Amino acid sequence: MKFLIKKEDILKELQLLQGIVEKRNTMPILANILIRASEEELEITGTDLEVGMKTHFPASIEETGSITISGKKVFEIVRSLRDGVDIKFQDVGQSKMLITAGASEFKVVCLPEEDYPQIPEPKFEKKILLPLEKAKEMIDRVFYVITQEQRYYLNGALMIIKEGSLEFVSTDGHRLAYTSLMVENMNIENEIRGIVSKKTLSELRKFDDDKVEFDLDENNLFFKVKNRTIVSRMIEGKFPNFEAVIPKENPNTLTVSRDELEDAVRRVSLLSTERSRGIKFNLGKNQIMLFSSNPEIGEAKDQVEAEYNGDELEIGFNSQYLLDFLGAVKAEKVCIELKDENSAVLMRPELEDDIKYVYVLMPMKI
Amino acid sequence: MKRRYIVHIDIDAFFAAVEELLDPSLKGKPVIVGGLPQERGVASTASYEARKYGVHSGMSLRKAYQLCPMGIFIRGNYQIYQAFSEKFFRILSSYTPDVEQASLDEAYLDLTRCRPLYASFSKIVRQIKHRVEKELGLMVSAGVGSNKLLAKLATNKAKPGGLFEVKQGEEIEFLKTLSIESLPGIGLKTQAILRMLNVHKIGDLWGFPRSSLRSLFGLDGEEIYLQSRGIDSRPVATPSVPKSISRETTFLEDIWDQRLLLAHLAYLCDRVALSLRKGSFFAHIIEVKVRYADFRTETRRRLLIMPLQEMGEIYMVARELFLQLASSSRLSLRLIGVRASDLTRTRALSLFEPYSERKERLGIAMDQVREKYGFGALLTAREKMLESIYTFDKERGFVLKTASLTK
């Protein structure tokens, strides 16, 4: 294998693959990327067995072939070279790849292609096209709820595609984020539901284009943007019945400036306990009183004007969960719908844009 | 720095004294608590009569028997000692918030902050001592000094049953004639070296410059230099938030019957839940521990989305974990335990598990009944199964063997 390519033409691809290759040292080969040179183009693959990415692009190929090599090292080498330089890659035998650019020369240890895991091949026959920029915005609004903690059973977001709409839902057991978007002409016969891993969502956020093409088989979800394809193993397990926990008729509605509430929560949370981050809301006519106390540090209170005519209510929250939502929502004002101090609270932007956004939060007993 | 007023208070021959209280016929006899003479293990307490024969705590039971063959050897009821200890600390805490629990029967009190409350410290110390003795029925010794070291040395002098105060200005006189091994920093080896140097009394140490002690004993030398002059800046450490609460028990005989094992588990969950409520804690992690007949120990834990405090809920989790463990082995068990950890004082509710305040209120109501009529007044039918094995005490519930005292 031998090929020549400009630094700028390969750097971005290698960088994207950094997010994919395995960082923990469970299987050494997974730290490698697979480079294949065919007559017309170069194809590079990375995978951690859960999420894989394949990208292809033109290069001047002198000799076809394939090899696997440390994804991190190749990226670091290419990045370190002078901008605009032509880089030559050459398989020199004895499991070595020679990388040269001008006077710089690197000989890097390789492993044969045979050891590299097979990645499922997508067919993309369904021709499902999703709006990428909108999908990225939706992902932003559910992403922060997904935790990697062992305690929580979900490390991904549920994606629902049906005729007319695209939805994402995520939950960690204490809160739930739901977004939906109207999408026309997707040609969906049967509703599609799949849990997309956090890693895949995080990679999708890095892509740029109008559309992302989607497909799936029994075990995998496929996303294609231009020359790049992500293969994501579907997370097994049943996503909880989220429709049932979204409160429909909470009687007390509060409307408040997003900025003012966020600032006040941030201030008061300074003296909440590290572990639980709990703060208390005291709702009265047209105002929210906020409290926190920590026996080891002290206590704080603050007050925010709001539109509120509901019951007087004292209710506790994890301040971080409030800040997560207030940081993700862009509207000027937010609505908070409550029932009582033990029941789920619904939060949403006062004015909806084309992406519907709902955040459900369980209170905290303080 | 302001002169501190530190009290050290210590129950005399604690375990043995409790045994004498429970069985007055033991009075005046050499009592040794810790096990029977032929058993492995060490004496945890010896009564003053037994000490006359040279028996002391930490000595192997066999050795103790050799020295004192007519001694009365008792295995011990740790749950009862624990109950006495709790009462002891409850009394002490009513005088000052600055109480350090040095062990089950030993405490340091810092009265400095309470100056405005008490006209005379000496009088209040006599009162504390008197009240503990009257309410527990046990003799205590107390020492007073301007730091923990002096207070403890004063208690040693006051033993048994006395009260001694090292007054301001009298420290040097007090320390001078004490034997060097009374300092906590001087172990057997150090002692031997010092005795070779003809140092026997604390006063003899004063002739050594700091640097000599340091070159002889390293950092310990520094410590000895300061201690010999009665200098000790350690604060009285008030209890911090516990990391976990656990209860476990070793069975009198290995148990195979799963229903009986679950009865033990339920009872231990009840005790854990009680401690959680007392400290107003909720646990994010429930862990079950079993030890098989072949001494192999296994644990299994669950991380919870909604932290728990209620006995019933904790038992349901513990039961499931126990059944997972039990399904992997056919051996009988010699120990079972349950631990609640990752404790918080707030409860984050879960979206997918129903929550009702009723169970929380039930726990509080149970506590109120038990406060009034004793722990044994309310038990589940499952816990009642233990009646066939253990002595039942209305005040304290079942008297299990070596109930865990760890917090």
Condition set crowded, with 19+ Cβ neighbours inside 10 Å and part of a strand (DSSP E or B), scope the stretch A:263-287, selection farthest from the other protein chains (Cβ to nearest Cβ): answer is A:L283
Of B:R345, B:R291, B:R334, which residue is within 14 Å of chain A (Cβ to nearest Cβ), in contact with a strand residue (DSSP E or B) (Cβ under 8 Å, 6 or more places away or on another chain) and among the charged types (D, E, K, R)?
B:R345
List the residue pairs whose Cβ atoms are under 7 Å apart, where the first residue sits in the stretch A:341-360 and is within 15 Å of A:T253 (Cβ to Cβ), the second is acidic (D, E), and the two are 6 or more positions apart or on different chains.
A:V345/A:E337; A:L346/A:E337
Would you please name the residue that is modelled with the lowest pLDDT, looking only at residues in the stretch B:127-185 that are part of a helix (DSSP H, G or I) and of a type in the set (S, T, Y)?
B:S182
Could you say which residue among A:E163, A:E191, A:E236, A:E243 is acidic (D, E) and either crowded, with 19+ Cβ neighbours inside 10 Å or within 14 Å of another protein chain (Cβ to nearest Cβ) (or both)?
A:E243
Restricting the stretch B:301-324 to residues that are within 14 Å of chain A (Cβ to nearest Cβ) and charged (D, E, K, R), the residue that is surrounded by the most Cβ atoms within 10 Å (Cβ to Cβ):
B:E310
So for the stretch A:84-107 (the condition being free of Cβ contacts under 8 Å to residues at least 12 places away in the same chain, surrounded by fewer than 17 Cβ atoms within 10 Å (Cβ to Cβ) and closer than 29 Å to A:F222 by Cβ), does at least one residue qualify?
no
With the structure loaded, tell me whether B:M306 is modelled with pLDDT of 90 or more, within 13 Å of B:A273 (Cα to Cα) and of a type outside the set (D, E) or whether it fails that test.
no
Can you tell me how many residues within the stretch B:190-249 are assigned to a loop (DSSP other than H, G, I, E, B) and over 30 Å from B:L265 (Cα atoms)?
19
Candidate set from the stretch B:267-324 (those that are in contact with a Gly (Cβ under 6 Å, 6 or more places away or on another chain) and outside any helix (DSSP H, G or I)); member that is nearest to B:F352 (Cα to Cα):
B:I305
Quick one: in the stretch A:166-179, which of the residues that are farther than 15 Å from A:G194 by Cα and among the small types (G, A, S) is nearest to the other protein chains (Cβ to nearest Cβ)?
A:G173
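Listed here are the residues, each with its yes/no results for (1) out of contact with any His (no Cβ under 6 Å at 6 or more places or on another chain); (2) closer than 26 Å to A:M362 by Cβ; (3) of a type in the set (S, T, N, Q); (4) in contact (Cβ under 8 Å) with a residue 60 or more places away in the chain.
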residue: A:F168; (1), (2), (3), (4): yes, yes, no, no
residue: A:H174; (1), (2), (3), (4): yes, yes, no, yes
residue: A:V183; (1), (2), (3), (4): yes, no, no, no
residue: A:R193; (1), (2), (3), (4): yes, yes, no, no
residue: A:K198; (1), (2), (3), (4): yes, yes, no, no
Candidates A:L322, A:L313 - the one that is within 14 Å of chain B (Cβ to nearest Cβ), within 25 Å of A:E249 (Cβ to Cβ) and not basic (K, R)
A:L322
A:Q94 passes all but one of (1) within 30 Å of A:E352 (Cβ to Cβ); (2) in a loop (DSSP other than H, G, I, E, B); which number fails?
(1)
Verdict on B:F174 being of a type in the set (F, W, Y) and either in contact with a His (Cβ under 6 Å, 6 or more places away or on another chain) or in contact (Cβ under 8 Å) with a residue 60 or more places away in the chain (or both):
no
Could we say that A:L290 is more than 24 Å from A:K123 (Cβ to Cβ), part of a strand (DSSP E or B) and not assigned by TED's automatic domain parsing to the domain that holds A:E352 here?
no
All but one of (1) exposed (fewer than 13 other Cβ atoms within 10 Å of the Cβ); (2) touching a residue at least 40 places away in the same chain (Cβ under 8 Å); (3) aliphatic (A, V, I, L, M) hold for A:V74; which doesn't?
(1)
Given the condition out of contact with any Pro (no Cβ under 6 Å at 6 or more places or on another chain), in a loop (DSSP other than H, G, I, E, B), buried (at least 20 other Cβ atoms within 10 Å of the Cβ) and of a type in the set (A, V, I, L, M, F, W, C), answer yes or no: does some residue in the stretch A:130-137 qualify?
no
Of the residues that make up the stretch A:315-323, is at least one assigned to a helix (DSSP H, G or I) and aliphatic (A, V, I, L, M)?
yes
Take residues that are at the interface with another protein chain (Cβ under 10 Å from one of its Cβ atoms) and tell me which of the strands (runs of 3 or more DSSP E) falling wholly in the stretch A:325-366 contain 2 or more.
A:355-361
Would you mind listing the helices (runs of 4 or more DSSP H) fully within the stretch B:19-123 where at least 1 residues are modelled with pLDDT of 90 or more, closer than 21 Å to B:V140 by Cβ and under 22 Å from the mean Cα position of the chain (by Cα)?
B:78-93
Could you please find all residues in the stretch B:108-153 being of a type in the set (G, A, S), more than 24 Å from B:L175 (Cβ to Cβ) and in contact (Cβ under 8 Å) with a residue 40 or more places away in the chain?
B:G137
B:L262 being out of contact with any helix residue (DSSP H, G or I) (no Cβ under 6 Å at 6 or more places or on another chain) and either exposed (fewer than 14 other Cβ atoms within 10 Å of the Cβ) or at pLDDT 85 or above (or both):
yes
For the stretch B:101-131, enumerate the residues that are within 18 Å of B:I11 (Cβ to Cβ) and surrounded by fewer than 21 Cβ atoms within 10 Å (Cβ to Cβ).
B:Q101, B:A102, B:S103, B:L104, B:E106, B:R126, B:Q127, B:K129, B:H130, B:R131
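The values are calculated or read from the model by the stated rules, or taken from the named source; none is laboratory data. Quantities reported herein were computed from a predicted structural model and do not represent experimental measurements. Methodologically, a virtual Cβ is constructed for each residue, glycine included, from the backbone with ideal geometry; neighbour enumeration extends over all protein chains shown.
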